[in-house]
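Some notes on the structure that comes next.
The values are calculated or read from the model by the stated rules, or taken from the named source; none is laboratory data. Keep in mind that this is a model prediction, so the values were computed, not measured. In this analysis, Cβ positions are derived from the backbone assuming ideal geometry, glycine residues included, and neighbour counts consider all displayed protein chains.
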Amino acid sequence: MAKLLIIDDEKAIRGALRDILEYEGYSVEEASDGEQGLELVKQYDYDVVLCDIRMPKIEGLDLLQRATDMGKGAQFIMISAFGNVETAVEATKRGAFDFISKPPDLNRLLVTVRNALERGKMITETKVLKKKVFKLNEIIGESEAIKRVLDTCDRVGPTEARVLITGPNGSGKEMVAKRLHERSNRANMPLIEVNCAAIPSELIESELFGHEKGSFTSAIKQRIGKFEQADGGTLFLDEIGDMSLSAQAKVLRALQESKITRVGGDKEIKINVRVFAATNKNLQVEIAEGRFREDLFHRLNVIPIHVPALRQRASDIPLLVEKFLQDIAGEYGQPAKRLTPEAMGYLQTLPWTGNVRELRNVIERLVIMCGDVITIDDAKIFAMPVI
């Protein structure tokens, strides 16, 4: 049952609102002035607060501001007999869901309360989803190598520095990029990912910078590129070592001038984008062999982060295995299985050429094919690479 609070110094208004809201099935409490209302808001979690603006002791807008500063999740509906556009705008700026004039139209009030409850529900669901996503992208490990990666992420994340992430395939470079973004001042803006290796060279410029209608045969409409989509946020260029030289030149210009031009267009578009790049290649070798621009390398390599191969941090394997067992059990809706110490020790001896990605696949295979307790014999059978 939704919990509502009415804060108003007029007893008749409180009574009328309480009657209609309780009739609709809501749990309702009252406060006769701003001070009493603020104490209740501090002590309890309300879904919706209906708050008068002009009250003794603490006025409604001040109460709203204090509740917002405390991080209270209640949706505030402000009510006043002295309403005007300026007051409504000020209430909205301070975080109010809506503004209603006295005497309130009860039908409109009920609709507003329902909408406020729905908004509160959506905000709560979004927070839960973000926590799940963060947990999904959590970098697991206590080895010195991973501690260095995590420490660098936490130091660099809040800055605007560009980051070049290196490491073998499957080692977790994408998760490092996500951790950096989550700790940045752009965390509430989009993180746009581009896998440069997965896009044909003739399409990569259109993918990154967009194109105008008619700029080439299949360009039947205008397209917004990844740089524009990431405006205000972060662009993650994965496997940048596979990008064509012509696209590299345009990326370099975008980084230097904070401007792009769509394919087939002549208008310069300003962008505000932080760039992370990742590669499994040795870019120094690529530069020496003429496949990667040295000037672009230096633009990207402000902060280098190297993600070690799994075989270089075998002590982290038990932690990763436990996480994967829990995650897979949750996905399949069944209790988590466990490995014997001998099976865990055996997994720590394997080369893991596919790194963390390969380990996760093996654990899923063991969960599917084995009993509740996974033995060393199971591990020897099912941890073998499937070719």
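Of all residues in the range 285-316, those satisfying the criterion of being touching a helix residue (DSSP H, G or I) at 6+ places or on another chain (Cβ under 6 Å) and among the β-branched types (V, I, T) are I287, I303, I305, V307.
Inspect the range 218-229 for any residue being farther than 26 Å from R186 by Cα, in contact with a Phe, Trp or Tyr (Cβ under 6 Å, 6 or more places away or on another chain), assigned by TED's automatic domain parsing to the domain that holds L164 and among the hydrophobic types (A, V, I, L, M, F, W, C) and give the result as yes or no. Looking through the range 218-229, none of the residues is farther than 26 Å from R186 by Cα, in contact with a Phe, Trp or Tyr (Cβ under 6 Å, 6 or more places away or on another chain), assigned by TED's automatic domain parsing to the domain that holds L164 and among the hydrophobic types (A, V, I, L, M, F, W, C).
Could you tell me whether I287 is among the aliphatic types (A, V, I, L, M), in a helix (DSSP H, G or I) and not assigned by TED's automatic domain parsing to the domain that holds E207? Judged against the criteria, I287 is not a match. Could you give me the residue pairs with C-beta distances under 9 Å whose first residue belongs to the range 195-211 and is within 22 Å of I165 (Cβ to Cβ) and at pLDDT 90 or above, whose second residue is surrounded by 14 or more Cβ atoms within 10 Å (Cβ to Cβ) and basic (K, R) wherever it lies, and which are 6+ apart or on separate chains? Within 9 Å, the pairs are E207/R223; E207/K226; L208/K226; L208/K250. Residues of the range 81-106 that are among the hydroxyl-bearing types (S, T, Y) and either part of a strand (DSSP E or B) or under 17 Å from G120 (Cα atoms) (or both): T92, S101. The criterion of at least 3 residues that are surrounded by 21 or more Cβ atoms within 10 Å (Cβ to Cβ) is met by the following strands (runs of 3 or more DSSP E) wholly inside the range 151-243: 163-166, 234-238. Tell me, yes or no, whether the range 365-376 has at least one residue that is without any contact (Cβ under 8 Å) to a residue 12 or more places away in the chain, more than 34 Å from the chain's Cα centre (by Cα) and not in a helix (DSSP H, G or I). Checking the range 365-376: not a single residue is without any contact (Cβ under 8 Å) to a residue 12 or more places away in the chain, more than 34 Å from the chain's Cα centre (by Cα) and not in a helix (DSSP H, G or I). Only one entry in R311, R291, R299 is in contact (Cβ under 8 Å) with a residue 24 or more places away in the chain and over 23 Å from R179 (Cβ atoms), namely R291.
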